[in-house]
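A short write-up of the structure that comes next.
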Amino acid sequence: MTLACAHRGDVARARENTLEAIRSAIAAGADIVEIDVRQSRDGTVIVLHDATLERLWGHSVAASEVPLQEILSLGHGDLRIPTLQDVVALFHGAAATLMVDMDTIEMADPAFDVVAASGLDVIWCGDLQAMHRIRSRSATARIWMPWASPTPPSIDTVRDLRPEAVNSPYHVLHRPFVEAVHAMGLLVSAWTVDDIPAMRWARAIGIDSVTTNALDRLQTVLAEEPTTEPELERPLTVAQELARWASQVIRHSAPGEVETKAHPADLVTGTDRLIETHIREVIAANLPGHVVVGEEFGGQATPGTPTWYVDPVDGTTNFANAVPWNSCSIALSIGGEPVIGVIADPWRHAVYWAVRGGGAFRNGAPLRVTPRRDAGLAGSVVLTELAAHRAWPGMIGFLDRLADAHATPRILGSGTLALASVATMGALGAVVHRFSPIDHLAAVLIASEAGAIVLDEAGCVTHFPTDGGVLVALPEAASTLHAIWRAAVTS
């Protein structure tokens, strides 16, 4: 059973870390209520996340510089900064368990003293040194060890601390991680999970406790039965949330270990594998029976089965070399036709999506191509991509013909973003020499739904070329650009 942990109380109903938020979380049936601790100038342990009073209380001063009575005067009623002693009193006889989080070792002794004097059994989490200090004070303290690596801790790592659980940001977790930690006799806790698809995923892979800012939502998910609904609303929501999550990971994670696949220029990073693993697990948890075909772990489409095509980081070479031009591509095909396409564009803080027949969108706003005043190519930008690190057959001729037409080519390193750029960034057109649904299906659906034309090498309108490459272009330039491409590959 997965436990529901209310992050800083029931923050959907009251200001975080206040008595009202904490009482609301207890009354709502949270299994665990997490709080944060600081100290006032006179040494009283207070319940506050930030080091300063600025974000929530409008004062840019550090809490540690303000006397307790001044801190207690902020706000009104139960919407004030409480002391840890006041909060501990709420949990005597309550069904919920208090979790005390701290981000510095300096808070360990003061917080421990308050809790020990109350006799309350709490969970401790936060700074690793602080957790070791808590352990030195009590052989029986319930400690949830912080762990931010996608590689699970070893027995040697946990031996001295003897934690009850491993407490991790949810983006590093995956089923083998959970299984490895369970094999050591420990629980797994994930923070902070606020979207429904990730909540279903956490439950499905066996995570024992989920920390959330959306307590009601999490409790609803934990109570629901698995579904096999065929409609597109849930798949679209799943893909959108995955894209937003992938954007955060790509922007804020180092590539991790960089390896090669087919040749020394064909790179894969730890982040590629982490993202694809998570996407597979979330889809499995939310959409039973769906198939995933991915860039890193393969897969096989099954006729009649909804199939997802996933490239976790399209533009891995850019990512591995800190070039901010890469994306995550997620597309759903049913009956051999794309029905959902979602692209995460991390560095422009955009998520693009389309549903077949339902239009294309950027961050929820309708997305349409921008027509040109004439059908000529002069002064336009046309994107293409290399065949891995080499020119594709006919590429030099293609570039020469574009130059003759006074169009400017760009090779930026992400086939997904190249094809989508006709809709998302004003390119006249884009060509890739070999269509792959893993890399390109989401992009062609989004571009098509935004009003672009998608053609295969033979000039046929298609979303899913079965052979050769694919062209995306503005309607007024599609035939001209296709003729240039066709001439280049047949000469």
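Just so you know, all these numbers are worked out from the coordinates, no wet-lab data involved. The model shown is predicted, which means the values in this text are computed figures rather than measured ones. So basically every Cβ, Gly included, is an ideal-geometry build from the backbone, and we count neighbours across all protein chains shown.
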What angle, in degrees between 0 and 90 and rounded to the nearest 10, separates the Cα long axis of helix 128-137 from the longest principal axis of the Cα atoms of the chain?
20 degrees
Residue-wise HN-Hα coupling along segment 196-208, computed from phi with Karplus coefficients 6.51, -1.76, 1.60 (Hz; x: Gly, Pro):
4, x, 5, 5, 4, 4, 4, 5, 5, 8, x, 5, 7
Surface/4 estimate of mean projected area, convex hull on alpha-carbon atoms of segment 381-490, nm²:
5.8 nm²
When the chain is fully extended, how far beyond the present Cα-Cα distance does K261 get from T466, taking 0.36 nm per residue of separation?
71.3 nm
Counting only backbone N atoms under 11 Å from a point 7 Å out along Cα-to-Cβ of L412, the residues of segment 310-334 in range are 324-327
For segment 233-367, taking Cα atoms only, what is the radius of gyration to one decimal and the Dmax to the nearest whole Å?
14.6, 42
Thinking of segment 143-296 as a set of Cα atoms, what percent of all their pairs are more than 23 Å apart?
40 percent
Please give the length that would be gained between E106 and H182 if that part of the chain were fully extended, namely 0.36 nm times their separation in residues minus their C-alpha to C-alpha distance (nm, one decimal).
24.3 nm
Would you mind computing, in nm to one decimal, how far apart the modelled labels at S479 and R55 are, each placed 7 Å from Cα along Cα→Cβ?
5.8 nm
Return the percentage of antiparallel bridges among DSSP beta bridges fully within segment 371-491, rounded to the nearest 5 %.
60 percent
In what order do S327, S73 fall by count of nearby beta-carbon atoms within 10 Å, going from fewest to most?
S73, S327
How big is the gap, in Å, between the Cα center of segment 426-459 and the Cα center of segment 319-377?
10 Å
Skipping prolines and chain starts, which residues have an amide H placed within reach, meaning under 5 Å, of the one on T97, given they are 5 or more residues away or on another chain?
I32, V33
Restricting to Cα pairs below 8 Å that are 6+ residues apart, what does the relative contact order work out to for the chain? Please round to a whole percent.
9 percent
So, in nm, how far is label T490 from label A391 when the simple model puts each one 7 Å beyond its Cα toward the Cβ?
2.1 nm
What fraction of the DSSP beta bridges in segment 3-223 is antiparallel, stated in percent and rounded to the nearest 5?
20 percent
Roughly how many whole Å is it from the C-alpha centroid of segment 285-307 to that of segment 172-194?
24 Å
Test of understanding: given the chain, find the longest segment containing no GluC sites (Glu not before Pro) that are in a DSSP loop and have at most 11 other Cβ atoms within 10 Å.
258-491
Calculated from DSSP H runs of 4 or more alone, at -39500 (n - 2.57) each and per residue, what is the 222 nm mean residue ellipticity of the chain, nearest 500?
-10000 deg cm²/dmol
Length gained if T237 through H252 is fully extended, taking 0.36 nm per residue and subtracting the Cα-Cα distance, is 3.1 nm
Between D78 and T370, what is the label-to-label distance in nm when each label sits 7 Å out along the Cα-to-Cβ direction?
5.3 nm
If you take every DSSP beta bridge whose two residues both sit in the chain, what share of them, in percent to the nearest 5, is antiparallel?
55 percent
For segment 8-78 versus segment 246-282, the gap between their alpha-carbon centres in whole angstrom:
38 Å
Take the chain, compute every pairwise Cα distance, and split them into 10 Å bins from 0; I just need the percent in each bin.
4, 18, 24, 21, 15, 11, 6, 2, 0
Which cross-chain or sequence-distant (5 or more) residues have an amide H under 5 Å from the amide H of V188, H modelled 1.01 Å from N in plane?
V166, D208, S209
Relative contact order for segment 239-357, counting Cα pairs under 8 Å that sit 6 or more residues apart, in percent
24 percent
Karplus 3J(HN,Hα) series, Hz, for segment 456-466 with 6.51 cos²θ - 1.76 cosθ + 1.60 (x for Gly, Pro):
8, 4, 7, x, 8, 5, 7, 9, 9, x, 8
Amide H neighbours of G299 at under 5 Å, excluding residues fewer than 5 places away on the same chain, with H built from the backbone geometry, are G294
